[in-house]
Structures are given as structure tokens and as C-alpha cells.
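Derivation of every value follows stated rules applied to the coordinates shown; laboratory data play no part. These figures come from a predicted structure and were not determined experimentally. Methodologically, a virtual Cβ is constructed for each residue, glycine included, from the backbone with ideal geometry; neighbour enumeration extends over all protein chains shown.
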Amino acid sequence: MEPGKLLYATNIRQPSFSEFERLLTLRTLGLEEVIFLHATKVEGWEGRLADYGMNSKTLTVEGPMVSCILNVAHQEVASLIAANLNRGKRRLLRGSLTTQLLRASSLPVLVLPEYVEAADSPQKGMFDHVIFATDWSAASERALDYLLNFKEIINELEIVHVIHKKPSVRDMRNLKEKLSQARKIFLDHGIDAEAHVYAGKPSEEIMLAVKDYDATCIVMGTTGMWTLKDMLLHSCSYRVAEASKVPTLVIP
């Protein structure tokens, strides 16, 4: 992440500042300012952030949540959006607010769980132990390149590829080579990485990997495209972002 601004947006009635604090490891990457965008009045956050030596300001949503987020991100020249949105509000064709935001944003979006369970290790940063889910698409390649910028704050990384159909011997050989190449890229950048293969429904297996490795965050790429098939089946990245109990960083 280049030095810039983080837009933190939420329409949760009682947002958690302690969960937001886990994002402050981004200061190591050059984060300079935070713009808080709340749907309800929230007091004291600017003062608490000032204790960390960071600039911030607070805005209140007036109008449709997703449109407000995108407009403010553009006006404030944000480099990353972090969103903690109510997952209960869905529209049949448009999907939830989270899905709408992921579809429309040209910026990386960090989707935060609506309800955060108390962490066993409060000292862990949000990017301490990352699941990088890849399907070797161009979107996944962009996500990998973006993730390398986080090398200073990642302690462990698990590369996860999910097989959803029976592979041939050649497929397995190619998969092994791709996993090895991806792992080498991370290792060459000083990131402790291991590669894993899961089999089944991608969104479910990715979340299983989170549980298996006690991960703190998921990173995925997305095309941002929205076809009739997507409306019926939903993109894997949208499914994960909607259901995950840990933050999910989605790279367009």
C-alpha cells in the first residue's frame, strides 16, 4: 500500500473500535489518514486515533450506503476501503450491501465480519496469518502482486487452491508446479509461505482452511463482473466475504 488514506465505513449500530484497531498495523505500510464513514453517530473515535498519532475525520452517511462509500472514497482519494456492513439487508437481484460494494468498487475492499468474536490473542494483527486463495486467474495474479506489499506485517501465509472437479495426472503436475512457483515468490519476498490443495466447494473449503490454520485474514481476487450466472450462483469471493468470520480482503 502506498502512503494514503483508509476509508472505514460501517452501518452497524454499535461498531467496534477494538476491531478497527487491528487495522492500525497498516501504518507500517505508510497509511497516513483514516476517514470514518458512519450511518449513525459515533463519538470519540477521532480522539482515540489521535492517541496513535494519526489524522482522521468522521463523516455521516446521507443516502444509499454503497453510493456514499464509493463517492467518499473518490473524493478523499482513498487507497483502501474497509467495510463493516449489515449483512441482513439483501435484495434478490442486487444482493447484499457487501456484494454491491465488491461489484462496484475499483479499489481493494477489506470486508470485516459484522459480529466479531473475542480473539484468543488480542496482540495478533489482522494480517498476521493470511489465507491466500487462488484459482490462477488474472484476478488471482493481481491479488498476489498486491499482497506482496503487505510483507512487513505478514508472519505466516497459506496458499490455498481448491479442486472442484476430478483432475488428470497432467492437471496435478501443473498444479504442483504452480503452487511451487507461487510459494517461491512469497519466500523470495521474505514471507513464510506454505501451499495446500483442498477439494470441494471453493467457498466452503477456503473457510475450512481458515479454521485449519487459525488464520486471521483471507485475501482473494475478483473480476467484479456480474452476469446472470453470477446472480444465480454468486462469485466465490462474494460468498466468502459474506460468510467468513475473519476479515476478507478482495482485490479487483
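With a cut-off of at most 16 other beta carbons within 10 Å, and DSSP calling the residue loop, which chymotrypsin sites (Phe, Trp or Tyr not before Pro) in segment 34-67 qualify? Please list them.
For chymotrypsin sites (Phe, Trp or Tyr not before Pro) across segment 34-67 that sit outside H, G, I, E and B with at most 16 neighbouring Cβ atoms in 10 Å, the list reads Tyr52.
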Given Cα positions, please report Rg to Rh for segment 1-100, the hydrodynamic radius being the Kirkwood one. 0.96
Counting pairwise Cα distances across segment 125-252, what percent come out greater than 26 angstrom? 16 percent
Restricting attention to segment 8-103, which trypsin sites (Lys or Arg not before Pro) occupy a DSSP loop and are surrounded by at most 15 other Cβ atoms within 10 Å? Arg13, Lys41, Lys89, Arg94
Within the chain: Cβ-based charge dipole about Cα centre, in debye rounded to nearest 20 (Lys, Arg +1; Asp, Glu -1): 1060 debye
Counting only residues 5 or more places away or on other chains, whose amide H sits under 5 Å from the amide H of Leu80 once H atoms are built in the peptide plane? Lys5, Leu7
About the Cα centre of segment 129-251, how large is the charge dipole given +1 on each Lys and Arg Cβ and -1 on each Asp and Glu Cβ? Please answer in debye to the nearest 20. 500 debye
Potential extension, Asn86-Lys201 segment - 0.36 nm per residue separation minus Cα distance: 38.9 nm
Rg in Å to one decimal, and Dmax rounded to a whole Å, for the chain via C-alpha atoms: 18.0, 59
Would you list which aspartates and glutamates come within 14 Å of Lys176, measuring only between C-alpha atoms, while excluding same-chain residues fewer than 8 positions from it? Asp135, Glu194
Sorting Leu112, Ser237, Gln14 by the position of each Cα along the dipole of the chain (Lys, Arg +1; Asp, Glu -1; all at Cβ), the one nearest the positive end of that ordering is Ser237
Inter-label distance, nm, simple model (7 Å from Cα along the C-beta direction), Asp171/Asn155: 3.7 nm
Near the amide H of Ser56, under 5 Å away, which other amide H atoms are found, from residues 5 or more places off or on another chain, if H is placed in the peptide plane? Val34
Interchain or sequence-distant (5+) residues whose placed amide H lies within less than 5 Å of the amide H of Ala133 are Val160, Val219
Give the distance, in whole Å, between the Cα centre of segment 14-70 and the Cα centre of segment 123-179. 29 Å
Dipole of the chain (Lys/Arg Cβ +1, Asp/Glu Cβ -1, origin at the Cα centre): which of Ile185, Ile218, Gly44 lies farthest to the positive side? Ile218
What distance in nm separates the simple spin-label points at Ser106 and Gln14, each placed 7 Å from Cα in the Cβ direction? 4.0 nm
Which loop-located GluC sites (Glu not before Pro) does segment 127-161 contain, where loop means any DSSP state but H, G, I, E or B and the Cβ has at most 16 other Cβ atoms within 10 Å? Glu152
